[in-house]
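Student: Mind looking over this structure? Questions follow.
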Amino acid sequence: MSVKKKPLVVVTRKLPDSIETRMRELFDARLNLDDTPMTPEQIADAVRTADVLVPTVTDMISEEMLKDPDCKLRMIANFGNGVDNIDVTAAHARGITVTNTPKVLTEDTADMTMALILAVPRRLIEGASILTEGKSWPGWSPTWMVGHRIGGKRLGIIGMGRIGQAVARRARAFGLQIHYHNRRPVAPKIAEELGATYWESLDQMLARMDIISVNCPHTPATYHLLSARRLKLIRKDAYIVNTARGGVIDEDMLVKLLEAGDIGGAALDVYEHEPAVNPKLVRLAKAGKVALLPHMGSATIEGRVEMGEKVIINIRTFLDNHKPPDRVLPSML
């Protein structure tokens, strides 16, 4: 009796051991054990040879790759919630199914966002560096290393989806007043629960907030949503926190405003050209104006395992000729 050939699944980066083991059991899985990022040429080769590609948010799957006449792919099972790394329209036109891993990273990202909301006004990273970088600590003083309390301040959330709402719940517990801008208002029940004020005009909201949290997805419509013009609307004593995508903010203008003292501070977990980080941002961080993290918002082992489990479910469902639960269509973007 012949044995059915397993589909070839190419995984671009190292995943948690339990996920890789399960993939080896279910598929002809080609893993990336040393976690070296694949080059565009290697990804293009995978597109020509694999049945299923499992990329991460840093792997660009372009229209050019997907239009290759030798493209063999039937599915792209993205290991990540955002799909701005994939040309979903080109994939759909080619008959390639695209999936992602939603509803997994909400709490982890909201936790990190709240941590950064606290970190900048209270100068946590700046203060910690005094003890870890050989700087002189004169001891406690009534006027040294003072920051600002966050209770009673106005938090403006850009993007009131799952993560934005989770941030709002945490922030409300710290006594922040919740404001938000979204494509449309949230359901009245959610707004009442969060005590949230809706602003149809992003410009008007930005000009009135003490802290601004970016929690919207990166799409063509949100690229540089915080443009040079909008960044100039922000108050001089306000703070910006971004745990979404770097491209949502005009980073060059943000740097200029921070350098000039026209924005109070910023906390960034994502960057417009990552993994490259603007050297001027690093200098600002050393001067205590900015808190920088290396894209850690969703970095928990529990979250990564749940993402992997979703990838496997999507692949198995697709291979069983059913609609994957997390399918992404161009109309959804």
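The values are calculated or read from the model by the stated rules, or taken from the named source; none is laboratory data. Values in this document were obtained by computation on a predicted structure and should not be read as measured data. Note that each Cβ is placed from the backbone with ideal geometry, even for glycine, and that neighbours are counted across all protein chains shown. Only protein heavy atoms, including side chains, enter the accessible area calculation; ligands, DNA and RNA are left aside. Shrake-Rupley method; radii C 1.70, N 1.55, O 1.52, S 1.80 Å.
Student: Quick check for me: using +1 on Lys/Arg Cβ and -1 on Asp/Glu Cβ, what's the dipole size of the range 131-239 about its Cα centre, in debye to the nearest 20?
Tutor: In debye, rounded to 20, the range 131-239 gives about 100.
Student: Where both residues lie in the chain, what percent of DSSP beta bridges are antiparallel, nearest 5?
Tutor: Close to 5 percent.
Student: Next question, about the same structure. Considering only protein heavy atoms, what is the solvent-accessible area of R30 at a probe of 1.4 Å, reported in Å² to the nearest 10?
Tutor: 110
Student: Let me ask another. Rounded to a whole number of µm²/s, how large is the Stokes-Einstein D of the range 205-277 at 10 °C and 1.306 mPa s, given Rh as the Kirkwood radius over C-alpha pairs?
Tutor: The Stokes-Einstein estimate is 132 µm²/s.
Student: May I ask you to derive the relative contact order of the range 135-253, considering only C-alpha pairs under 8 Å and at least 6 residues apart, and to give it as an integer percent?
Tutor: 25
Student: While we're on this one: What residue among G82, G156, A267 has its Cα farthest toward the positive end of the dipole of the chain, where the charges are +1 on Lys, Arg and -1 on Asp, Glu, each on the Cβ?
Tutor: G156
Student: How are the C-alpha pair distances of the range 65-199 spread across 5 Å bins, as whole percents from the shortest bin up?
Tutor: Over the range 65-199, the share of Cα pairs per 5 Å bin runs 2, 8, 14, 13, 12, 10, 11, 10, 8, 6, 4, 2, 1, 0 percent.
Student: K135: which lysines have alpha carbons under 18 Å from its alpha carbon, excluding same-chain residues fewer than 8 sequence positions away?
Tutor: Cα-Cα hits under 18 Å: K286, K289.
Student: Positive end of the charge dipole of the chain (Lys, Arg +1 and Asp, Glu -1 on Cβ, about the Cα centre): tell me which of T317, M60, L258 has its Cα farthest that way.
Tutor: The listed residue farthest towards the positive side: L258.
Student: Please give the FRET efficiency for Q42 paired with T300, using the beta carbon to beta carbon distance and R0 = 30 Å, rounded to the nearest 0.05.
Tutor: 0.60
Student: Shifting gears a bit: When all C-alpha to C-alpha distances in the chain are sorted into bins of 20 Å, what percent of pairs does each bin hold, rounded to whole numbers?
Tutor: Result returned by the calculation: 29, 52, 18, 1, 0.
Student: Next up: Measuring with a 1.4 Å probe in the full set of protein chains, what accessible area per residue, in whole Å², belongs to the range 83-123?
Tutor: Roughly 36 Å² per residue, with all protein chains present.
Student: Specify the residue with the greatest mean-square fluctuation among G308, G134, G264, computed from a Gaussian network of the chain linking alpha-carbon atoms under 10 Å apart.
Tutor: Of the options given, G134 has the highest mean-square fluctuation.
Student: State the percent of C-alpha pairs, over all pairs in the range 124-196, separated by a distance greater than 19 angstrom.
Tutor: 50
Student: I've got another one for you. Average the reciprocal distances over every distinct pair of alpha-carbons in the range 277-319, invert the result, and give the Kirkwood radius in Å.
Tutor: Evaluated on the range 277-319, it is 13.2 Å.
Student: Between D252 and K67, what FRET efficiency comes out of the Förster formula 1/(1 + (r/R0)^6) with R0 = 41 Å and r the beta carbon distance, rounded to 0.05?
Tutor: After rounding to 0.05, the efficiency reads 0.80.
Student: Explain nothing, just the number: relative contact order of the chain, from Cα pairs under 8 Å at least 6 residues apart, as a whole percent.
Tutor: For the chain, the relative contact order is 17 percent.
Student: If the reach is capped at under 18 angstrom between alpha carbons, list the aspartates and glutamates near K232, excluding any in the same chain fewer than eight residues apart.
Tutor: Output for K232: D203, D210, D250, E251, D252, E259, D262.
Student: If the reach is capped at under 23 angstrom between alpha carbons, list the lysines near K103, excluding any in the same chain fewer than eight residues apart.
Tutor: Filter leaves K14, K189, K310, K323.
Student: To continue, here is another question. K153's amide H: which non-local residues (gap 5+, or another chain) put their own amide H closer than 5 Å, with H modeled 1.01 Å from N in plane and none for Pro or chain starts?
Tutor: HN-HN under 5 Å from K153: Q177.
Student: Averaged per residue, what accessible area in Å² does the range 181-319 show with a 1.4 Å probe, protein chains only?
Tutor: 48
Student: I would also like to ask the following. Count neighbours as other Cβ atoms within 10 Å of each site's Cβ, and list the trypsin sites (Lys or Arg not before Pro) in the range 48-89 that are DSSP loop with at most 15 such neighbours.
Tutor: Sparse-neighbourhood loop trypsin sites (Lys or Arg not before Pro): K67, K72.
Student: Still on this model: Would you kindly state how much longer the chain becomes between H224 and E274 on full extension, computed as 0.36 nm times their sequence separation minus their alpha carbon distance, in nm to one decimal?
Tutor: This chain segment gains 16.5 nm when fully extended.
Student: Lys and Arg at +1, Asp and Glu at -1: add these up for the other residues within a Cβ distance under 14 Å of W199 and post the number.
Tutor: Result for the neighbourhood of W199: +3.
Student: Rounded to whole Å and ordered largest first, report the semi-axes of the equivalent ellipsoid of the range 42-93 derived from its Cα gyration tensor (root of 5λ).
Tutor: One finds semi-axes of 16, 12, 9 Å for the range 42-93.
Student: Let me know the charge dipole size of the range 200-333 about its Cα centre in debye, to the nearest 20, where only the beta-carbon of Lys, Arg (+1) and Asp, Glu (-1) is charged.
Tutor: 240
Student: Taking θ as phi - 60°, what are the ³J(HN,Hα) couplings along the range 72-89 by the Karplus curve (6.51, -1.76, 1.60), each to the nearest whole Hz, with x for Gly and Pro?
Tutor: Ordered by residue, 3J(HN,Hα) equals 10, 4, 10, 8, 10, 9, 5, 8, x, 7, x, 10, 5, 7, 10, 7, 5, 5 Hz.
Student: Could you tell me the relative contact order of the range 236-303? Use alpha-carbon pairs under 8 Å, at least six residues apart, and round to a whole percent.
Tutor: Across the range 236-303, relative contact order equals 35 percent.
Student: Moving on. Across bins of 5 angstrom width beginning at 0, how are the C-alpha pair distances of the range 176-247 distributed, in whole percent?
Tutor: Histogramming the range 176-247 at 5 Å steps yields 3, 15, 25, 27, 19, 8, 2 percent.
Student: Pull up all non-local amide H partners of A291: gap of 5 or more, or a different chain, and H-to-H distance under 5 Å with H placed in the peptide plane.
Tutor: A266, A267, L268
Student: Right, another one. Give, as a single signed number, the net charge of other residues whose beta carbon lies under 15 Å from the beta carbon of T109, with Lys and Arg counted +1 and Asp and Glu -1.
Tutor: Neighbourhood net charge equals 0.
Student: State the percentage of accessible surface on the range 72-201 attributable to carbon and sulfur atoms; use a 1.4 Å probe and exclude ligands, DNA and RNA.
Tutor: 53
Student: Still on this model: How large is Rg over Rh for the range 175-323, taking Rg from the Cα atoms and Rh as the Kirkwood inverse mean of 1/r across Cα pairs?
Tutor: When Rh is taken as the Kirkwood radius, the ratio is 1.05.
Student: Ok, one more. Between N78, N314, N32, find the one with the highest GNM mean-square fluctuation for the chain; connect C-alpha pairs within less than 10 Å.
Tutor: N32
Student: Check each of the chymotrypsin sites (Phe, Trp or Tyr not before Pro) in the range 166-239 and keep only those in coil by DSSP with at most 15 other C-beta atoms within 10 angstrom; list them in order.
Tutor: F174, Y223
Student: Next question, about the same structure. Calculated FRET efficiency, D203 and R169, Cβ-Cβ r, R0 30 Å, to nearest 0.05?
Tutor: Once rounded, the FRET efficiency stands at 0.70.
Student: May I pose another question? With angles folded into 0 to 90 degrees, how steeply does helix 162-173 sit against the dominant principal axis of the chain? Use alpha carbons for both and round to 10.
Tutor: So the helix axis and the longest Cα principal axis differ by about 30 degrees.
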